[in-house]
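The values are calculated or read from the model by the stated rules, or taken from the named source; none is laboratory data. Quantities reported herein were computed from a predicted structural model and do not represent experimental measurements. Note: ideal-geometry Cβ built from the backbone for every residue, glycine included; neighbour counts use all protein chains shown.
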Amino acid sequence: MIKKYTTLLKAGVMEMLHFRLSVLVLVAGNMLYLAVIYFLWKAIFDSAGTESVNGMTFESTLIYLVLATALFNFMEMYIVWDMGRTIQSGKIVLDLIKPMDYKNYMFWAFSGNVAAQFFTTFLPTFIVVALVTKGAIPLGTNLIAFAVSVILGIVINFNVDFIVGTICLYTESIWGINIMKQVIVLLFSGATIPLAFFPEGLRRVVDLLPFRAIYDAPLTILLSINGITDDVLYTIAIQIVWVIILEILSRGFWKISLRQITVNGG
Amino acid sequence: MNNKGLAFYIKIYGRILAQDLKSKMSYRADFIISMLGMIFTDAAGFITFWIMFRNFSSIQEWEYYEMLFLYGFSLIAITPVQCLLDNNWSLRINVREGDFIKYCFRPINLFFYYESEVFDVKGLGQLGVGVFTLVYAWIKLGLGCNVMMVLKVIVFLISASLFMMAMQNAAAATCFWIENSFYVLDLAFKLKDYAKYPVTIFGPVFRFVFTFVFPIAFIAYYPSLVILRPDNVPLLTWLAPPLGILFFYLSYRFWMLGAMKYNGTGS
């Protein structure tokens, strides 16, 4: 029962390791990105003249953004691309006749990538940040809560992707749909600018959207000094609510949309 | 191969463009959604600056509208690469699957023919946001306007776009030598996102890298100084047009070098 899932997971890991050069280029690209945000925010805080702005110091902003980037690279599944492409080419029928629920199949097939990305992107970044900042990341019970929160974040992210991927059944504009999703998620999840800097009105909008439950929730938990507090539990509770809502929405939407499917030959 | 005149190439580009647009118009929904996606992306950059400057008044000596000026400038400068050289994204697939060989047998310039096949219309959305941002920042900064300034902006926009085209060309051409060159191209393309910051915020090493290795400082920072800091224009700014031509030419040679050694896949 479990074995079919772990097999898919293993295949994903092996596929990832096959492309070593691309991993190298990816890592180089990320280092460059991190250097750019380091210099940018250093210049910003130098010009501000004060130690902290909206409760964020240069150090906490940087830790937040670096880890947000690492989380993004680790949690991104590129589901929309894959769904869009298989829908366009008609290969989706092969996935639909598999003796496994399509959504579960997609989740487990891509979980291998995510697992590999955890070791290639998030873990090294986390270790470097923890060592360089010497104790800015509390290493206690918050790590357990963080692990739970990350898994919930992955599920939420997957569901958002799955819903957006389902839209590809209606339109064949994969690039456009995917880029819109990415822009909205990155901006409203706090991965581009920490949510603490958002003006009041925009904050209230962001609180109503599921996106902050993807990156901001696990990050806030990771950086909370007091271990598992009521705030942490509240954050996780909100994530669980989002998982339930999105799970229902995505399954319902998929079921309705499947009647729409048109496959170009085969 | 290169003995045909410019007029010939313009005429032929017009013909191919018309065909391409006709086929694109049959996917109208895709066209609209892609355009929206482009505008979304660029608008998000605008919003990011807006949020940033709600909390901070300046970055080094650069204030909000000056940063928007750089941003608008960079968006316009990357429009040509988006519109004209979009086929570079398919290059590695054409090369790997052997379709590339068909371009080698036409009696016109290979690079020209390959790139002319696709005109990316959604790049015009980027141009729209870019022009809006630039004009908005220009007015808010109260820079005034005369023929000389407009001419300068146009010349420097063109040279800025040459740098971006050069980087993307060179990155795309790596596919003639390495497999899975998507990540190289993707990296080169992402570098453009850093062009909107003044290069002075970076440390000396990165300033050098962003000026001479990956010349993104020439996409917005150096050329914008002509308008934003007219009393203090560095030599590198004036060198931008010839350097842009040089970089573009080198990338073209590199691209052709790869294309010339291409043997096809035998199928």
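Which condition does B:F208 not pass, out of (1) touching a helix residue (DSSP H, G or I) at 6+ places or on another chain (Cβ under 8 Å); (2) at pLDDT 90 or above, if it passes all the others?
If we test B:F208 against (1) touching a helix residue (DSSP H, G or I) at 6+ places or on another chain (Cβ under 8 Å); (2) at pLDDT 90 or above, just (1) comes out false.
Looking at segment A:48-68, which of its residues are at the interface with chain B (Cβ under 7 Å from one of its Cβ atoms) and surrounded by fewer than 16 Cβ atoms within 10 Å (Cβ to Cβ)?
A:N54
Only one of these is under 25 Å from A:W175 (Cβ atoms), more than 7 Å from chain A (Cβ to nearest Cβ) and touching a Phe, Trp or Tyr at 6+ places or on another chain (Cβ under 9 Å): B:M67, B:M25, B:M35. Name it.
Result of the check over B:M67, B:M25, B:M35: B:M25.
B:S159 versus (1) touching a Lys or Arg at 6+ places or on another chain (Cβ under 7 Å); (2) more than 14 Å from chain A (Cβ to nearest Cβ); (3) buried (at least 22 other Cβ atoms within 10 Å of the Cβ): which is the lone unmet condition?
Answer for B:S159: the failing condition is (1).
So which pairs qualify, if the first residue must be in segment A:51-66 and at positive phi, the second must be surrounded by 18 or more Cβ atoms within 10 Å (Cβ to Cβ) and of a type in the set (S, T, N, Q), the Cβ gap must be under 8 Å, and the two must be at least 6 apart or on different chains?
Partner pairs satisfying both residue conditions: none exist.
Report yes if some residue within segment A:209-228 is of a type in the set (A, V, I, L, M), surrounded by fewer than 22 Cβ atoms within 10 Å (Cβ to Cβ), assigned to a loop (DSSP other than H, G, I, E, B) and modelled with pLDDT of 90 or more; otherwise report no.
Yes: segment A:209-228 contains one or more residues that are of a type in the set (A, V, I, L, M), surrounded by fewer than 22 Cβ atoms within 10 Å (Cβ to Cβ), assigned to a loop (DSSP other than H, G, I, E, B) and modelled with pLDDT of 90 or more.
Taking segment B:48-61, which residues are closer than 15 Å to A:R203 by Cβ and either touching a Pro at 6+ places or on another chain (Cβ under 6 Å) or more than 7 Å from every other protein chain (Cβ to nearest Cβ) (or both)?
B:W50, B:R54
Can you report the number of residues in segment B:72-98 which are surrounded by 23 or more Cβ atoms within 10 Å (Cβ to Cβ) and within 13 Å of chain A (Cβ to nearest Cβ)?
Qualifying residue count, segment B:72-98: 1.
If the Cβ limit is 8 Å and pairs must be 6+ apart or interchain, which residue in segment B:212-233 that is modelled with pLDDT of 90 or more pairs with which residue that is part of a loop (DSSP other than H, G, I, E, B) and among the hydroxyl-bearing types (S, T, Y)?
The qualifying pairs are B:Y221/B:Y197.
Using the structure shown, decide if B:F112 is farther than 22 Å from B:L17 by Cα, assigned to a helix (DSSP H, G or I) and touching a Phe, Trp or Tyr at 6+ places or on another chain (Cβ under 7 Å).
No.
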